[in-house]
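Notes to accompany the following structure.
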Amino acid sequence: MFRPFEKISRTTVLIMVSIQVIVLLSIWQSFPAGLIPSPLRIGEALGGLLASSLLWDNVLVSLLLTLKALFFSVVITLLFSYLSVVPFFRPFAQFIVKCRYLTLTGLIFIFTLLTRDGSQLKLSLLVFGIVPFFTTSFMSVIVHTNAQEFELCQTLGYGRWQSLYEVIIVGKADQVFEIVRQNFAIAWMMITMVEGLSMSEGGVGTLLIKYNKYNDLVHVMALQAVIFGLGLFFDHLLGRLRHWLFPYVKL
Amino acid sequence: MTIYSKGETLLQVKDLSLIYDNKCILRDINFSIEDIIRPGIQQGQVVSLIGRSGIGKTQLFRTLSGLQKPDRGQILVRESRPWSLRPVHAGDMGVIFQNYYQFGWRTVEQSLMLAAHQNKGLMGREAEAILEYAAQFDLSDVLKRYPRQLSGGQQQRVSIIQQLLKGSDFLLLDEPFSGLDVCVLDKVVNLLLKVSLSHEFKTLIIVSHDIVTTVAISDTVFILGKQDGVEGSTIVRSIDLMERGLAWQPNVQEEKAFGETIREIKACL
Ligand SMILES: Nc1ncnc2c1ncn2[C@@H]1O[C@H](COP(=O)(O)OP(=O)(O)OP(=O)(O)O)[C@@H](O)[C@H]1O
Ligand SMILES: [Mg+2]
């Protein structure tokens with residue numbers, strides 16, 4: 001357990017991690033009650049939250065928005081990334097990649113002018129925030145394509161477009177899922193931010209802001225736990241989906 | 001002695017040179033492969049390319065197949081209609097690479113199907129042809145598997161069948177005999193022979209370290225080597241095995257002249 005590269009069984013991992021978590025939580029619990037609420041109180045609040053429809057309504061709003069944003073982001077990313085192998089279109093993709101360095105905060109006003117209502121504003125901000133990260137990851141996948149993949153296409157007598165279809169579109173389809181999984185965190189992180197901009201539709205972000213306003217730190221932490229858990233759940237779900245759709249990735 | 005004559009040129013390499021980072025790898029390579037005509041028999045031929053490790057065999061393959069542009073010189077292949085010699089394009093030749101790369105996202109069956117679809121002669125019979133080859137090559141059980149689930153030898157056979165299904169006249173094989181057990185080796189050798197006999201213009205070019213096995217099925221041997229004092233490899237010797245009566249004989253390995261030829265080739269390396 002304490003040697004590098006040692007392989008340990010699943011049950012051992014489970015037991016080990018459980019003990020580590022319990023130890024950490026007990027240390028936290030034993031801290032003198034001060035500003036930071038204790039795990040037990042957060043747990044209580046979490047229980048209350050989970051039983052309330054308030055939480056689930058807001059989670060649903062956030063999830064729908066995230067999924068919508070992810071869908072549009074993937075479509076835009078794929079379009080520009082696939083086209084990036086055509087020299088004429090490469091600069092567009094490269095520019096999108098560089099857009100990672102634009103902060104969203106400075107663009108909120110422009111987006112407000114450009115969009116009709118709050119939900120559109122949130123969606124477009126999210127998509128604008130996510131696409132550069134997706135494109136960066138996917139472009140790197142494309143750039144690192146094994147030259148042999150193209151050579152096999154050539155020896156099979158494929159044309160350029162046919163090679164693009166086989167190697168990039170079919171061959172890298174599993175990577176699209178991996179990228180969505182890896183970058184889901186970014187979308188999930190931004191959702192709480194953009195929801196603060198237009199509170200009328202609700203969402204976990206609005207809920208978080210409300211609790212913060214009333215200094216209800218216990219509930220803030222409980223909500224954080226929910227957000228964290230949901231993130232992990234989707235991470236796992238996307239991983240599963242990828243293995244199911246592309247059985248060859250786990251070989 | 002068998003009667004034969006040489007006909008039209010199938011492949012011509014003129015003054016080919018290949019340079020990497022100012023280092024000459026291949027220099028002034030000239031050779032041509034002509035159709036071999038035997039009265040009353042339709043058959044292709046086998047050419048072997050022999051040389052030490054690192055001499056540039058794989059690089060020569062890559063240039064021959066059109067995957068790599070030579071720095072100088074030309075590679076011309078036969079165009080049937082209208083009859084002419086034209087520069088080679090990638091895709092004209094079937095190439096079986098040294099490491100048998102296959103698409104990781106395609107099952108064996110799918111990979112073979114991709115190749116079969118490229119062959120107009122197989123139109124409508126692709127699936128049948130795949131099953132037939134798979135049975136011949138001991139691959140029927142692995143058709144549904146992905147390349148990563150195959151042994152090295154199985155991957156190699158998949159690569160060979162794939163290019164056979166594609167059906168180009170030229171088939172370049174880089175080390176087709178390495179890593180095969182004796183049983184499968186015989187099978188592969190026989191299959192290659194069968195392929196070479198299947199059509200008048202079928203031409204197999206084989207690179208191998210297994211000199212005996214390769215020469216036994218060859219009609220012509222080219223030896224790639226270095227000449228004293230100059231950089232870059234070139235064809236230092238070509239041996240016409242037909243002239244020596246060492247072609248088209250199933251038991252050629254038992255002939256005395258065969259042993260002598262092998263010694264002669266080894267001396268050139
Ligand atoms: N991309 C490259 N850049 C520079 N030099 C290269 C490159 N690829 C190959 N070479 C050099 O070209 C020479 C010929 O290599 P090649 O792979 O053709 O050898 P080979 O005859 O096929 O050897 P083997 O029998 O071991 O496969 C080697 O000296 C190698 O170092
Ligand atoms: Mg080689």
Inset, instruction - Report, in debye and to the nearest 20, how large the dipole of chain A comes out about its Cα centre when Lys and Arg carry +1 and Asp and Glu carry -1 on their Cβ. - result: 240 debye
Inset, instruction - For B:Ile25, enumerate residues with amide H under 5 Å from its amide H, sequence gap 5+ or separate chain, H modeled in the peptide plane. - result: B:Leu18, B:Ile19, B:Tyr20
Inset, instruction - Give a residue-ordered list of calculated ³J(HN,Hα) values for the range A:189-195 (Karplus: 6.51 cos²θ - 1.76 cosθ + 1.60, θ = phi - 60°; whole Hz; x for Gly, Pro). - result: 6, 6, 4, 5, 6, 5, 5
Legend entry - Links that overshoot a 28 Å alpha carbon limit, given the list A:Lys172/B:Lys14; A:Lys172/B:Lys23; A:Lys98/A:Lys172; B:Lys14/B:Lys266: A:Lys172/B:Lys14; A:Lys172/B:Lys23
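With r as the distance between the Cβ atoms of A:Thr145 and A:Phe95 and R0 = 25 Å, compute the FRET efficiency 1/(1 + (r/R0)^6) and round to 0.05.
The formula returns an efficiency of 0.70 here.
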Inset, instruction - Place a label point 7 angstrom from the Cα of B:Phe201 along the Cα-to-Cβ direction, then list the residues of the range B:153-175 whose backbone nitrogen is under 12 Å away. - result: B:168-170
Legend entry - Dipole of the range A:98-245, positive end: most advanced residue of A:Gly157, A:Gln224, A:Phe234 [Cβ charges, Cα centre]: A:Gln224
Inset, instruction - Of the options A:Leu83, A:Leu102, A:Met1, report the single residue whose Cα projects farthest towards the positive end of the charge dipole of chain A (beta-carbon charges: Lys, Arg +1; Asp, Glu -1). - result: A:Met1
Legend entry - Euclidean distance of C-alpha centroids, the range A:135-189 and the range B:24-80, integer Å: 33 Å
Legend entry - Shape call, chain A: gyration tensor on alpha carbons, a/c limit 1.5: oblate
Legend entry - Extension gain, B:Glu255 back to B:Leu143 (0.36 nm per residue minus Cα-Cα distance, nm): 36.3 nm
Inset, instruction - With a point put 7 Å past each Cα toward its Cβ, work out how far B:Ser84 is from A:Leu25 in nm, to one decimal. - result: 8.0 nm
Inset, instruction - Over the whole of B:165-172, what's the average partner chain Cβ count within 10 Å per residue? Rounded to a whole number, please. - result: 1
Legend entry - In the range B:83-165, the trypsin sites (Lys or Arg not before Pro) that fall in loop regions by DSSP, at most 14 other Cβ within 10 Å: B:Arg125, B:Lys144
Inset, instruction - Before anything else, pin down the relative contact order of chain B: Cα pairs under 8 Å, at least 6 apart, normalised by residue count, whole percent. - result: 24 percent
Legend entry - Under 19 Å from B:Lys120, Cα to Cα: lysines that are on another chain or at least 8 residues apart: B:Lys166, B:Lys202
Legend entry - Computed helical MRE - 222 nm, chain A, DSSP H runs ≥ 4 contributing -39500 (n - 2.57), nearest 500: -24000 deg cm²/dmol
Legend entry - Check: the range B:102-167 dipole with +1 on Lys, Arg Cβ and -1 on Asp, Glu Cβ, in debye: 240 debye
Legend entry - Additional length obtainable on full extension of the chain from B:Arg72 to B:Lys266, 0.36 nm per residue less Cα span: 66.9 nm
Inset, instruction - Name the shape class, rounded, prolate or oblate, that the alpha-carbon gyration tensor gives for chain B, where a ≥ b ≥ c are the square roots of its eigenvalues, rounded holds for a/c under 1.5, and otherwise prolate holds if a/b is larger than b/c and oblate otherwise. - result: rounded
Legend entry - Cα-centre dipole for the protein assembly as shown with unit charges at Cβ (Lys and Arg positive, Asp and Glu negative), debye to 20: 1100 debye
Legend entry - Three-way shape call for the range B:102-167 based on the alpha-carbon gyration tensor, with the a/c threshold at 1.5: prolate
Inset, instruction - Estimate the FRET efficiency between A:Thr12 and A:His243 by the formula 1/(1 + (r/R0)^6), using the beta-carbon distance for r and 30 Å for R0, to the nearest 0.05. - result: 0.85
Inset, instruction - Evaluate the distance, in nm, between pseudo-label points positioned 7 Å from the Cα of A:Glu201 and of B:Thr9 along their respective Cα→Cβ axes. - result: 7.1 nm
Inset, instruction - Enter the Cα centre distance for the pair the range A:18-97 and the range B:84-145, rounded to the nearest angstrom. - result: 46 Å
Inset, instruction - With a cut-off of 17 Å, note down the residues of the range A:130-174 whose backbone N falls inside the zone around a label point 7 Å from the Cα of A:Val86 toward its beta carbon. - result: A:159-170
Inset, instruction - Any of B:Lys57/B:Lys187; B:Lys69/B:Lys187; B:Lys57/B:Lys144 with alpha carbons more than 31 Å apart? Name them for me. - result: B:Lys69/B:Lys187; B:Lys57/B:Lys144
Legend entry - Long-range HN-HN contacts of B:Ser48 with modeled amide H, under 5 Å: B:Ile206, B:Asp219, B:Thr220, B:Val221, B:Phe222
Legend entry - Residues with amide H under 5 Å from that of B:Lys6, placed H, sequence gap 5 or more: B:Ile37
Inset, instruction - Please give, to one decimal in nm, the separation of the simple spin-label points placed at A:Leu64 and A:Ile110, each 7 Å out from Cα toward the Cβ. - result: 3.0 nm
Legend entry - Mean ellipticity per residue at 222 nm, deg cm²/dmol - from DSSP H runs of n ≥ 4 across chain B, formula -39500 (n - 2.57): -9000 deg cm²/dmol
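None of the figures in this text is laboratory data; all of them are computed from the coordinates on show. Just so you know, these numbers come straight off a predicted model, no measurement behind them. We place every Cβ from the backbone using ideal geometry, glycine too, and count neighbours over all the protein chains shown.
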